[in-house]
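What follows is one structure encoded as structure tokens, with my remarks underneath.
Quick note: the coordinates plus some simple rules give every number you see, no bench work behind them. All values derive from a computational prediction rather than experimental measurement. Using ideal geometry, Cβ is built from the backbone for each residue, glycine included, and neighbour counts are taken over all protein chains shown.
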Amino acid sequence: MHSANQKREDYISWTDYFMGVALLSSKRSKDPIMQEGACIVNSDNHIIGVGYNGMPAGCSDDRMPWADQANSILETKHPYICHAALNAVVNKISNSAKGCCLYTTHLPCSHCAGLLIQSGVRSVYFLKNSLDTISTAATERLFKESGVHYEYVPLMNYITYAY
């Protein structure tokens, strides 16, 4: 119980809040194997973009392949799917992501890392690294060379929501 004259002390941090938005966004993904979510935040702690991994606009989720592996790469999701970080940049409500932070469920691939760098994102916070060693190395090299701060953020055990 809190006194009417004192603030609550059990509120969540900005990091947990924005990571929670990324996690919630990932729940929109139709991908049966990996659900990614991302949230771009400006220096005023305002969300300017969110995204999740999915097929490009106008492509039917029911007709596009969702397989991770198949006899032909064209029968997998890989040449078609748009990653969460890409969608967050494309969906942003601001003209620029310069100086912003990205909170994402997964370490971005090297292609998304390049897009984030080109967009001016200065920091990336992630929950998981599910990339293979080569992809991780390429992403890390790009971030280091460009001065983008990147950091693993452990997930809170739970967030209780009561209303």
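Kindly express, to the nearest 10 degrees and within the range 0 to 90, the angle between helix 110-119's C-alpha long axis and the longest C-alpha principal axis of the chain.
Tilt relative to the chain: about 60 degrees.
Which is the longest stretch in the chain that no exposed loop site breaks, taking sites as trypsin sites (Lys or Arg not before Pro) with a DSSP loop state and at most 11 other Cβ atoms within 10 Å? Each step should come with its number before you reach the end.
Working: sites that count: Lys7, Arg8, Lys27, Arg63.
Between exposed loop sites, the widest span is 64-163.
Which value, in debye to the nearest 20, gives the size of the charge dipole of segment 19-152 about its Cα centre, when Lys and Arg are +1 and Asp and Glu are -1 at the Cβ? Write down the numbers at each step before the final one.
Values: 11 positive and 11 negative charges, 56 e Å.
Charge dipole of segment 19-152: 260 debye, to the nearest 20.
Just to confirm my numbers, what's the Cα centroid distance between segment 116-144 and segment 1-75 in Å?
Result: 17 Å between the Cα centres.
So if each residue of separation counts as 0.36 nm, and I subtract the Cα-Cα distance between Asn45 and Ser13, what length gain in nm does that give?
Details: separation 32, 0.36 × 32 = 11.52 nm, distance 1.15 nm.
Extra length available between Asn45 and Ser13 comes to 10.4 nm.
If you average the sequence gap of Cα pairs under 8 Å that are 6 or more apart and divide by the length of segment 19-152, what percent do you get for the contact order? Mind showing how you got there, number by number?
Numbers: 279 pairs, mean separation 29.6, N = 134.
22 percent.
Would you calculate the convex hull of the Cα atoms in the chain and tell me its volume per residue in Å³? Walk me through the intermediate numbers first.
Details: hull volume 24.4 nm³, N = 163.
For the chain, the hull spanned by Cα atoms encloses 150 Å³ per residue.
Give the lysines reachable from Lys128 as a straight Cα distance under 26 Å; neighbours fewer than 8 places away on the same chain don't count.
By straight Cα distance, Lys128 reaches Lys27, Lys30, Lys77, Lys92, Lys98, Lys144.
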